[in-house]
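Let me begin by presenting the structure, written as structure tokens, before commenting on it.
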């Protein structure tokens, strides 16, 4: 007669962890590149954190899962993954909190960009998003109503 173990053998979830880390790295890199570049161009506070977002997301997944696994079991890894996903949103949070998006009706010409830079010597980002349309992004601290007047004068700001 052979002795049977008293508990079932432990399952190895290493492949599952690798599969979980890959979206954290890809998503973190994507957000760090899109929103991080906007944050750096505007010199927003905490913009240097965007370089480390993919690494921080993966580290939080691994460390959080290891620290919580004795209490929560498999749910520790789910909670750690949610924490990693939340960290991926940090670059977007920085841009949303410290920058102001102004809708414009069209792309500015090079002459208009030069005039804008001469009249308002603060950094700006001119970008387009399929859900938002064309936007001019500036720091909230640099926002001035005269910028809207200038954009209306060149027919780039939508009339109300």
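The values are calculated or read from the model by the stated rules, or taken from the named source; none is laboratory data. Predicted model only: the values in this text are computed from it and were never measured. Heads up, the Cβs are rebuilt from the backbone with ideal geometry, glycines too, and the neighbour counts pull from every protein chain shown.
At least 2 residues that are more than 18 Å from the chain's Cα centre (by Cα) and either surrounded by fewer than 12 Cβ atoms within 10 Å (Cβ to Cβ) or at pLDDT below 90 (or both) in each: list the helices (runs of 4 or more DSSP H) lying fully within the stretch 84-160 that qualify.
Hits in the stretch 84-160: 110-119, 145-153.
Of everything in the stretch 63-81, what is without any contact (Cβ under 8 Å) to a residue 24 or more places away in the chain and closer than 11 Å to residue 20 by Cα? Give them in sequence order.
78, 80
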